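Input: a single structure, listed below in structure tokens.
The values are calculated or read from the model by the stated rules, or taken from the named source; none is laboratory data. Since we're looking at a predicted model, the values are computed, not measured. Cβ sites come from the backbone with ideal geometry, for glycine too, and all protein chains shown count toward neighbours.
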Ligand code: BMA
């Protein structure tokens, strides 16, 4: 196979005025306009509003490429683009050769007859998505409604384009376009492997991998197919492919084909081989090869074991006379048994993942695209977000249906990091057409995506859509005529999506919608909690108090969230100094939920004293967000096994704004993310208030029961001990258990001057260390707890606004460990709550935040600064927020 990589610089012409500038592909139009200096930063101020014209224009992307005589004469020569966004035509040397209107399908165009030896010109014309959607709407026999947001582009549901590009309640409306992931000209003679779909079965320790191969042959022929399975931990399989073949890019494109001359794989890395000979007809056909593997290392989700991956090389070679070079496809696979246990039980319908026989509590968040501008969705950005997820003890993400089927890079990273993926199909918060044309587009899309992604061990479940079932009840038209829209929904969801998934990936669960009570059940899973997955939004959208989380017992809560503002440093990046007030025009522009600011401020008045300024308001918004989500997760984790999953809304941000995210746009951690690392820890202690009772609950997602001593104390804010209890306890394996409980009103002391503090010290630690370390690391040790081996928890006894918090007089000492790495010792004279260190002028990552600092118990935190600094510079930049400081 020969491949000419067409990534790099193309020209970008605005068709209406013939103006030209460069565009780097893979990449998008708005990013190109920004790079050429023609438009201001779309994320700054209210600039987005001035950029709506971009999505109303037609654009021409063009470049030349050279073909030698032999290549130009190839009987099979294709232009391939993994993602074309969205309404596009492709021309070569002035002749239109293809059209495309679905960014979720790979485009492959036959170039034969269109190219010449020497210089050729390729042009991709991307039509205005907004105009295309409006003209589709005009042709509809009846309205197909969709949800809109403060800045929105109309009828986005009629285009197979990333839905959130048209604006969302956390994102800008930037109707960009472009070519993403990979773009190339490829040539190959002879049969090729389009996709490979492994299926696993096990008998004792003996596994069989049956690989379904989707093959394409230009002519009927006889082929030999071989499969080599190498242990990736030791394999050198990849290095045997010459760099020029661009294996990385090939794998990215998920076509994965490369030349086969290099099969000299060291024998000791191969764990299984198989060879078969088949007769193939011309065109597409499916064949399979089977591999037997004895006792492979297993793939586990993060926190449960290693992520063993094996490299599978599949080659196809025409046999007999006329046999050309063969064709190879490389994929990574993982051995694991995974099922979604969704069964009728005494409560309703269960919902949990079982992996290799272990019942997994799914801990994680919802994934939206990494950036509103596709050019910025680099591997480094994806990896940093996913690393932060794993660092916060997450093992599951939901790829939400308003974004995109992610790049191959994303799924590979999830395979490597052990992140189970709940994969929505790309339909969200709207109704969708069900005419033959739309359905056939979606059919091609889903068949491509299932075949492309099926081999990833991280892929755990296919789900039809995000809230598209519930949306039938949202719009006047569909409320008036629900039958019509239920029929449309069913045709698309079950008739096309479900059908294709069941056929092509029968070993994975097909879940109809999120939320859903299960197949053929159309209940309201925003309020009913006994069956399937729930989206619980009453805290936030309905303005209920945090305690309302304790009114529901979801089986699997796949969405719930609470907004916060980003940090002052992020705000400074988009709002000029005179706009740094939460109700200024720029701040309101960066708040896309119509009631967002009111809900944030209302919550402050409910629980806290009014913050004393802008920076304090930003900080306090993050405190309450962390408190909200912790309340929900700790309660739902305590219900294990009745509840077996919590995925909060949302992990990251597509631009700098107020939102439900736990990571800011630049990837830095909000207080919620630090809190998530604690409340998602495999071994965790929580204090929960329920029905007038305070409970200390131990949570253990490991397979080892843990014995330890629990100490619960009522501490005065000056650290005086008002009362204390001690118990020897055990936290059983894979379980949550109540270790201690007390009636709240029976607790001694003044609730406005004291709080509850609990510590759990494991028996083995207790025996080994009669004296704890003088100054334990915070966050660096297990679970970020005070004592690296122990667990701790604390809670106020009343609303924080009623508490008489003293000034803790925090003392800090900064030591330099290396150019950009520092340790900071913090001590206080009285208790400091929700402590957040901030290095506003330099930026960087702190090892912990959101903790309580007790007098006489100094802690050490680490700080990795962005850039080289002295200890004094860090000292001067360091601000220490804590609750009392927010209103003083
Ligand atoms: C949901 C999601 C998103 C939305 C979020 C916050 O239900 O599915 O569409 O952004 O809530 O409102």
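Just to check your reading of the model, which residue among 470, 464 is surrounded by fewer than 22 Cβ atoms within 10 Å (Cβ to Cβ), in contact (Cβ under 8 Å) with a residue 12 or more places away in the chain and within 16 Å of the ligand (Cβ to nearest atom)?
On inspection, the qualifying residue turns out to be 470.
Any chance the range 474-489 includes a residue that's more than 30 Å from residue 386 (Cβ to Cβ) and within 16 Å of the ligand (Cβ to nearest atom)?
Yes: the range 474-489 contains one or more residues that are more than 30 Å from residue 386 (Cβ to Cβ) and within 16 Å of the ligand (Cβ to nearest atom).
Suppose we filter the range 109-130 for residues that are farther than 15 Å from residue 29 by Cβ and in a loop (DSSP other than H, G, I, E, B); how many remain?
7
Tell me, which strands (runs of 3 or more DSSP E) wholly within the range 341-407 include 1 or more residues that are touching a helix residue (DSSP H, G or I) at 6+ places or on another chain (Cβ under 7 Å), in contact (Cβ under 8 Å) with a residue 40 or more places away in the chain and crowded, with 23+ Cβ neighbours inside 10 Å?
362-367, 396-399
Exactly one of these conditions fails for residue 71: (1) in contact (Cβ under 8 Å) with a residue 40 or more places away in the chain; (2) in contact with a helix residue (DSSP H, G or I) (Cβ under 9 Å, 6 or more places away or on another chain); (3) surrounded by fewer than 21 Cβ atoms within 10 Å (Cβ to Cβ); (4) outside any strand (DSSP E or B). Give me its number.
In the conditions (1) in contact (Cβ under 8 Å) with a residue 40 or more places away in the chain; (2) in contact with a helix residue (DSSP H, G or I) (Cβ under 9 Å, 6 or more places away or on another chain); (3) surrounded by fewer than 21 Cβ atoms within 10 Å (Cβ to Cβ); (4) outside any strand (DSSP E or B), residue 71 misses (2) alone.
Out of curiosity, is residue 543 at positive phi and in contact with a strand residue (DSSP E or B) (Cβ under 6 Å, 6 or more places away or on another chain)?
No, not satisfied.
Being within 16 Å of the ligand (Cβ to nearest atom) and at pLDDT 95 or above narrows it down to one of 385, 373, 397, so name that one.
So the residue among 385, 373, 397 that is within 16 Å of the ligand (Cβ to nearest atom) and at pLDDT 95 or above is 397.
Inside the range 352-369, can you point out the residues that are within 23 Å of residue 672 (Cα to Cα) and away from the ligand (no atom under 16 Å from the Cβ)?
360, 361, 362, 363
Kindly establish whether residue 128 is in contact with a helix residue (DSSP H, G or I) (Cβ under 6 Å, 6 or more places away or on another chain), more than 16 Å from the ligand (Cβ to nearest atom) and under 30 Å from residue 228 (Cα atoms).
So residue 128 fails the test.
Here are the criteria: (1) surrounded by 24 or more Cβ atoms within 10 Å (Cβ to Cβ); (2) part of a loop (DSSP other than H, G, I, E, B); (3) more than 16 Å from the ligand (Cβ to nearest atom). Tell me which single one residue 684 does not satisfy.
(2)
If a residue has to be surrounded by fewer than 21 Cβ atoms within 10 Å (Cβ to Cβ) and within 27 Å of the chain's Cα centre (by Cα) to count, how many in the range 597-610 make the cut?
The number of residues fulfilling the criteria is 2.
I'm trying to understand the selection: among the residues of the range 767-803, which are modelled with pLDDT of 95 or more and out of contact with any strand residue (DSSP E or B) (no Cβ under 9 Å at 6 or more places or on another chain)?
Across the range 767-803, the qualifying residues are 798, 799, 801.
Of the residues 320, 311, 303, 326, which single one is at positive phi and either in contact with a strand residue (DSSP E or B) (Cβ under 7 Å, 6 or more places away or on another chain) or surrounded by 20 or more Cβ atoms within 10 Å (Cβ to Cβ) (or both)?
Checking each option against the conditions leaves just 320.
Does residue 617 satisfy the criteria of being under 15 Å from residue 543 (Cα atoms) and out of contact with any strand residue (DSSP E or B) (no Cβ under 7 Å at 6 or more places or on another chain)?
So residue 617 fails the test.
For residue 3, which of the numbered conditions (1) in contact with a strand residue (DSSP E or B) (Cβ under 6 Å, 6 or more places away or on another chain); (2) at pLDDT 95 or above fails to hold?
Condition (2) is where residue 3 drops out.
Please work out which one of (1) away from the ligand (no atom under 16 Å from the Cβ); (2) crowded, with 23+ Cβ neighbours inside 10 Å; (3) part of a loop (DSSP other than H, G, I, E, B) is the condition residue 83 fails and give its number.
(3)
Within the range 412-431, is even one residue out of contact with any helix residue (DSSP H, G or I) (no Cβ under 9 Å at 6 or more places or on another chain), within 16 Å of the ligand (Cβ to nearest atom) and assigned to a helix (DSSP H, G or I)?
So far as the range 412-431 goes, no, none of its residues is out of contact with any helix residue (DSSP H, G or I) (no Cβ under 9 Å at 6 or more places or on another chain), within 16 Å of the ligand (Cβ to nearest atom) and assigned to a helix (DSSP H, G or I).
Which residues, counting only those in the range 131-154, are assigned to a loop (DSSP other than H, G, I, E, B) and more than 17 Å from residue 48 (Cα to Cα)?
Within the range 131-154, 139, 140, 141, 142, 143, 144, 145, 147 meet the criteria.
For the range 690-721, how many residues are at negative phi and assigned to a loop (DSSP other than H, G, I, E, B)?
The total comes to 8.
Output the number of residues of the range 437-473 satisfying the condition of being within 19 Å of residue 649 (Cβ to Cβ), touching a helix residue (DSSP H, G or I) at 6+ places or on another chain (Cβ under 6 Å) and in a helix (DSSP H, G or I).
Of the residues in the range 437-473, 0 are within 19 Å of residue 649 (Cβ to Cβ), touching a helix residue (DSSP H, G or I) at 6+ places or on another chain (Cβ under 6 Å) and in a helix (DSSP H, G or I).
Scanning the range 139-156 for residues that are touching a residue at least 40 places away in the same chain (Cβ under 8 Å) and away from the ligand (no atom under 13 Å from the Cβ), which turns out surrounded by the fewest Cβ atoms within 10 Å (Cβ to Cβ)?
142
Taking residue 285 and the conditions (1) surrounded by fewer than 13 Cβ atoms within 10 Å (Cβ to Cβ); (2) over 26 Å from residue 203 (Cα atoms), which numbered condition does it fall short on, given that it satisfies the others?
Going through (1) surrounded by fewer than 13 Cβ atoms within 10 Å (Cβ to Cβ); (2) over 26 Å from residue 203 (Cα atoms) one by one, residue 285 breaks only (1).
Return the residues of the range 853-876 that are in a helix (DSSP H, G or I) and surrounded by fewer than 18 Cβ atoms within 10 Å (Cβ to Cβ); say none if nothing qualifies.
871, 872, 875, 876
Quick one: count up the residues across the range 166-195 that are more than 16 Å from the ligand (Cβ to nearest atom) and out of contact with any helix residue (DSSP H, G or I) (no Cβ under 7 Å at 6 or more places or on another chain).
Selection size over the range 166-195: 12.
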